[in-house]
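Below is one structure; the comments refer to it alone.
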Amino acid sequence: MTAVNISTKKHFEVFKKEVNKWVKAYGLLDWELNIEHIELADEANSAECAYNIVGKSATIRLNKSFTDMSTFTMQEIKEAAAHEVFELLLCHFGHLAENRYTTAKEIEIARHGIIARLLNYHFHKP
């Protein structure tokens, strides 16, 4: 049986605080940003980032219930928030790469490789 995690209002407050911290840290203040706490269509994701590059608007969402983690610690919430801000940080890169005739899968692999490096730097320093 797959474990279902439920995110609470407290989780969401931590998530919002972390999103805003990383948005400020990486200078993404020129984006119109919404942060939501909703049921996502993909129950395997704890969070997601949707963006409109032309309009410079984005929505970062924390899933109310999901199945991707066996635990749901505050550290994991912070990492999920950072991951979604990193998605926003790299979205223009992805947009440009998609217009260069590379495959979407190749771009996704490259993007998540960079995100993993950023997460390791910020959360798993030796």
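The values are calculated or read from the model by the stated rules, or taken from the named source; none is laboratory data. Predicted model only: the values in this text are computed from it and were never measured. In this analysis, Cβ positions are derived from the backbone assuming ideal geometry, glycine residues included, and neighbour counts consider all displayed protein chains.
Looking at His37 and the list (1) outside any strand (DSSP E or B); (2) touching a residue at least 12 places away in the same chain (Cβ under 8 Å), which single condition is not satisfied?
His37 satisfies every listed condition except (1).
Just wondering, is there one or more residues in segment 78-88 that are surrounded by fewer than 17 Cβ atoms within 10 Å (Cβ to Cβ) and in contact (Cβ under 8 Å) with a residue 12 or more places away in the chain?
No: zero hits.
Those residues that are farther than 19 Å from Ala47 by Cα and in a helix (DSSP H, G or I), I need them from segment 95-112; list them, please.
Residues satisfying the conditions are His95, Leu96, Ala97, Glu98, Ala104, Lys105, Glu106, Ile107, Ala110.
Only residues that are under 13 Å from the mean Cα position of the chain (by Cα), modelled with pLDDT of 80 or more and not hydroxyl-bearing (Ser, Thr, Tyr): list them for segment 41-61, please.
Ala47, Glu48, Cys49, Ala50, Ala58, Ile60, Arg61
Only one of (1) within 22 Å of Phe123 (Cα to Cα); (2) β-branched (Val, Ile, Thr); (3) part of a loop (DSSP other than H, G, I, E, B) is not met by Val54, so which one is it?
For Val54, the failing item is (1).
Could you grab me the full set of residues in segment 93-111 that are farther than 19 Å from His83 by Cα and either in contact with a strand residue (DSSP E or B) (Cβ under 8 Å, 6 or more places away or on another chain) or acidic (Asp, Glu) (or both)?
Correct list: Glu98 only.
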